[in-house]
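Data block below; observations after.
Taken together, the values in this text are just the output of simple stated rules run on the coordinates, not laboratory data. As the structure is a computational prediction, the values presented were derived from the model and not from experiment. Every residue, glycine among them, receives a Cβ derived from its backbone with ideal geometry; neighbour counts consider all protein chains shown.
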Amino acid sequence: MIRRVLAVAILFLAPTPALAAQVPQSEYAARRDALMARMPDAVLLALGAREPSKDYLTFHQAPDFQYLTGYREPDAALVMVKRGGQTTGWIFVQPREPAREVWTGRRNGSEGATRLTGLTARPIGSLTATLDSLIGSGLPLVVVGEMGGDFMSPDAQFVERLRRRHTQLQVTDASAAVRQLRGKKSAAELALLRKAAEITVLAHQEAMRAIEPGMNEFEIQSLIEYTFRRNGADRPGFATIVGSGPNSTILHYNADDRFMQSGEVVVMDIGALYRGYSADVTRTVPVNGRFTPEQRAIYQIVRDAQAAAERQAKVGGATQAMDDSSRAVLAAGLARLGLIESPNAAFDAVEGTCVQPVQGGCSQLSLYYMHSLGHGIGLEVHDPDQYYGGRIQPGSAFTLEPGIYVGADVLDHLLDTPRNRALIAKLRPAVQRYANIGVRIEDDYLVTDRGVEWVSRAPREIEEIEALMQERYAGPAARKPEVVEWYKETAHQR
């Protein structure tokens with residue numbers, strides 16, 4: 001899953017032994033303490049996601065609220081009060097209501113919420129009165145919720161009603177502070193991401209074995225998502241991307257409804273969400289199990305670019321070196337294939353539309369590679385991370401995903417100038433030769449004091465992919481017994 005942000009730095013380690021994949025109550029308490037330590041005396045209000053208006057829709061908790069509480073029921077709120085350096089807090093939740101629960105499922109109620117979070121729980125119906133009392137004492141309000149955007153969200157509407165009743169109220173949005181804290185993952189969070197990546201790898205392996213010409217993209221999508229759930233994942237962390245042929249050149253294609261043909265490649269950009277944490281792993285494979293010479297050439301350039309970025313990585317190292325190395329390999333490879341004139345060549349573009357400005361115009365590399373190298377992962381597939389600050393630090397979790405996308409019409413939309421007309425005539429034969437070949441390779445990496453760990457070990461070398469795709473597919477692999485045991489043990493928490 002691509003993000004238009006910057007890069008990272010990497011080296012390889014042996015897999016870290018699995019930790020207990022859960023976040024303890026003490027860690028949630030420490031997160032709340034860390035946030036309150038950044039605040040003056042104030043009332044903190046953190047709002048969870050609302051229950052869907054239709055009870056047949058799926059609920060997903062707000063990531064910031066989950067980070068602070070671990071609570072996964074709708075219509076919940078956290079209130080913390082800091083006075084004279086002393087902090088107290090409560091969680092407000094839906095009460096038990098059998099008549100409602102017969103429609104939407106069993107609720108935790110106050111007793112269950114206290115057991116799960118360690119916080120004193122109160123009915124959500126008392127939230128407004130509690131806030132009115134606390135705010136009436138003169139304390140400012142600090143909010144964590146959906147407060148921005150082009151329309152007034154339910155969170156913003158709730159706070160606005162408080163403002164109207166308390167005209168002198170000072171309100172500050174603390175979401176940025178929470179996201180800064182989220183940028184450094186704990187050992188427990190890294191363990192959850194490691195497990196999410198493991199499940200995602202299983203799904204890639206199942207898909208590689210099953211793909212054959214004549215199948216529809218949605219058949220593979222369904223197999224991938226079935227594998228996620230079968231192996232303990234909550235759901236996909238984002239819309240599953242299975243794009244074949246021309247769809248392989250569309251970055252976030254997720255309609256997944258085309259029949260795949262022999263001689264095409266298919267891009268699978270997928271991620272399992274495990275206990276709230278999302279992996280993000282992409283593989284590109286040939287539909288018939290064998291890369292053509294043209295596909296092989298493009299694929300190897302992308303793989304070499306990823307490897308070049310990995311070689312630059314080290315804890316504490318600068319992230320820009322990773323991006324620079326990857327782009328250099330991509331540009332040199334495209335020039336070799338005749339898809340660009342030279343590694344530093346430019347074309348004419350309308351001002352303000354160029355995603356990679358260079359001296360003399362817009363980089364020809366951006367005709368085929370228009371996104372950045374990676375992004376953070378965590379509670380969201382595009383998560384806050386320390387390396388956005390320019391250095392790789394322990395506690396980071398991120399992806400690397402170089403790509404090349406040769407759209408059949410890539411030259412048809414260039415600005416009509418003498419230089420571009422000459423460029424089109426020169427590049428047209430190569431574009432026709434490699435048309436509709438899109439390749440992206442994306443992996444997940446976790447940073448600890450030991451170094452950088454590659455955790456998404458699905459086949460990615462050409463020979464590995466082709467070998468796996470030649471195996472006879474006999475249906476989904478056996479589920480691990482511990483998955484069933486975990487479901488039995490944690491049924492009351494979900």
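Couple of notes before you dig in:
- Whole-number D in µm² s⁻¹ for region 378-487, Kirkwood Cα-pair radius fed into Stokes-Einstein, 20 °C, 1.002 mPa s: 113 µm²/s
- Computed extension gain for Asp41 through Arg428, at 0.36 nm per residue and net of the alpha carbon distance, reaches 132.8 nm.
- Dipole magnitude of region 293-357, debye to nearest 20 (Cβ charges: Lys/Arg +1, Asp/Glu -1, about Cα centre): 360 debye
- Diffusion coefficient, µm² s⁻¹, Stokes-Einstein with Kirkwood Rh over alpha-carbon pairs of the chain at 10 °C and 1.306 mPa s: 65 µm²/s
- Projected area, mean over directions - region 100-190, Cα convex hull, nm²: 8.9 nm²
- Region 18-176: Cα Rg divided by the 2.2 N^0.38 Å rule of thumb: 1.04
- Pairs of lysine residues in the chain that meet both criteria, 8 or more places apart or on different chains and Cα atoms under 19 Å apart, total 7.
- In region 267-357, Cα pairs under 8 Å separated by at least six residues give a relative contact order of 16 percent.
- For region 168-262, radius of gyration divided by Kirkwood radius, i.e. Rg to Rh on alpha-carbons: 1.17
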